[in-house]
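Here's the structure, in structure tokens; my notes come after.
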Amino acid sequence: MKRKYAFLTAACAAAVLAGCHGARILEVMPDGGGGAGGAAGATGGATGTGTSGTTGAGGIAGRGGTTGMGGSAGQGGTGGAGGVLGRGGAGGAASGVGGMACAAQMTPTMFYSGLPPTWTEGLTHRFYWAEHDTPNITIHYAQGDQPVETSHPFKIDASLANSYFDLAASDYYVVADWYLDGRLAVWGPDMGSTMQWMTTLTNPGAVTAIGAVVYYSDDPMGGNPTPGIYAWSYPNINNLRASFTDLGGTSTLGLMLRTTTQKILFSDIRQVYMIDIAPGGTPQMLFPNQRNATIIDIRPARPHTVTGGVIVEVDDPMYYPTGHDYFVDITSPTTPPLDLPVIGSAAAVASCGNDATYAGGGVLFNHHFVYEGQGGVFVIDVAPFGVTEPARLTNEPYRYLEVTGDGDLFGGWVDVNSVSKWQYFRLGRLAP
């Protein structure tokens, strides 16, 4: 579905903030740079009770600057506890309790400047995104490990898409449904690809793709063919997977579609349901949405081969322009959703402080939930009954986070040189 987006302020984009960290478990090979803190750290702080040592502990991986601001409780020295804020040396981000660093684990690298994304997708090895420009909505992709922007040949007339558009991608296809007459097109995934199929459904629908199969909702004028969710595969084979009547409702059940290798997720923008991809099976409710807020996105865990956690993002002006994230689990559908801004922020305050409190929508990689915090990008592990303490990934609060199946994490913020543009970054790589 088309999502709401807005720019970060230039001041926010330029900020370099220190913060807290949890267990260092996520990086395959840490991207973080910066050396140890300066050889001669400052005193433990104004409120320290002990005598400052000759070598205050610096940060493990700072972002440079003349001094790195610390997190909570820096170690004053060998003789006594430090103050509320310790300061590392020239290369350090901070000193923390017992000399542990409150430092980011990743060093983001910018690879492209364009418009902010109106859609993103993380596939096995690629990051895809779309930019809503004039005269066209354009689709781009980059390899996860060595990102370079590549333009996809499929373009959508923006003057038509202003009414409606929906995008999806798999390792095999890029798919779109747009305009009020429900134009549906399937393209190959690469810069040299051609269109594989196109049709007009007569009404807008939703699309999703998993592997070599495309699923789409069809509510044709006149009711023929049967309104429902269809599966398309090459060469132009269309099969009715489930009618909306069989699913227990009307065509509103096809307003949003998502897939894993085992489940089709469908939504009327108020509740989320699921059914087996394999024929047969009974629909189940996955997200009951007790707040009755508008659902703006459904994000199954990456990689898409995982049948487990799902992030449901609902509209909430407190977290505009992204949304309010809930965690549900396909394997435990009767367990109540986890309210991530509430439960995640509580864990953050208890361990890391306000920098790690939830500030915007995130993405799930296996059981790791990566989200925009108040002062950086953070990650917590989630399960149906709770979360872990956060770990810091970046010092900057990147937005519109996406991750590939390999674990390559992407995000962005406003271009400090041109507020009309958006900078795209590869933040680093997550371990499974």
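The values are calculated or read from the model by the stated rules, or taken from the named source; none is laboratory data. None of the values given here were measured: they were computed from a predicted structure. Cβ sites come from the backbone with ideal geometry, for glycine too, and all protein chains shown count toward neighbours.
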- prompt: Could you say whether any residue in the stretch 134-148 is touching a His at 6+ places or on another chain (Cβ under 7 Å), modelled with pLDDT of 95 or more and part of a loop (DSSP other than H, G, I, E, B)?
  reply: yes
field: Yes/no for residue 84 being modelled with pLDDT under 95 and either surrounded by fewer than 18 Cβ atoms within 10 Å (Cβ to Cβ) or within 29 Å of residue 365 (Cα to Cα) (or both)
entry: yes
- request: For the stretch 370-381, indicate whether the set of residues that are surrounded by fewer than 19 Cβ atoms within 10 Å (Cβ to Cβ) and touching a residue at least 24 places away in the same chain (Cβ under 8 Å) is non-empty.
  value: no
task: Answer with yes or no whether residue 301 is in contact (Cβ under 8 Å) with a residue 12 or more places away in the chain and more than 17 Å from the chain's Cα centre (by Cα).
output: no
- prompt: Looking only at the stretch 298-336, which residues are surrounded by fewer than 18 Cβ atoms within 10 Å (Cβ to Cβ), out of contact with any helix residue (DSSP H, G or I) (no Cβ under 9 Å at 6 or more places or on another chain) and not in a loop (DSSP other than H, G, I, E, B)?
  reply: 317
Enumeration of residues in the stretch 318-335 that are more than 11 Å from residue 360 (Cα to Cα), free of Cβ contacts under 8 Å to residues at least 40 places away in the same chain and not β-branched (Val, Ile, Thr): 326
- prompt: Is the stretch 355-376 home to any residue that is of a type outside the set (S, T, N, Q) and more than 17 Å from the chain's Cα centre (by Cα)?
  reply: yes
- request: At least 2 residues that are within 26 Å of residue 314 (Cα to Cα) and charged (D, E, K, R) in each: list the strands (runs of 3 or more DSSP E) lying fully within the stretch 202-278 that qualify.
  value: none
message: Considering only the stretch 354-363, I want to know if a residue exists there that is assigned to a loop (DSSP other than H, G, I, E, B) and touching a His at 6+ places or on another chain (Cβ under 9 Å).
response: no
statement: Note on the stretch 197-227: residues surrounded by fewer than 19 Cβ atoms within 10 Å (Cβ to Cβ) and of a type in the set (S, T, N, Q) are 199, 200, 202, 203, 224, 226
message: Every residue in the stretch 178-196 that is surrounded by fewer than 14 Cβ atoms within 10 Å (Cβ to Cβ), among the hydrophobic types (A, V, I, L, M, F, W, C) and touching a strand residue (DSSP E or B) at 6+ places or on another chain (Cβ under 8 Å), please.
response: 191, 195
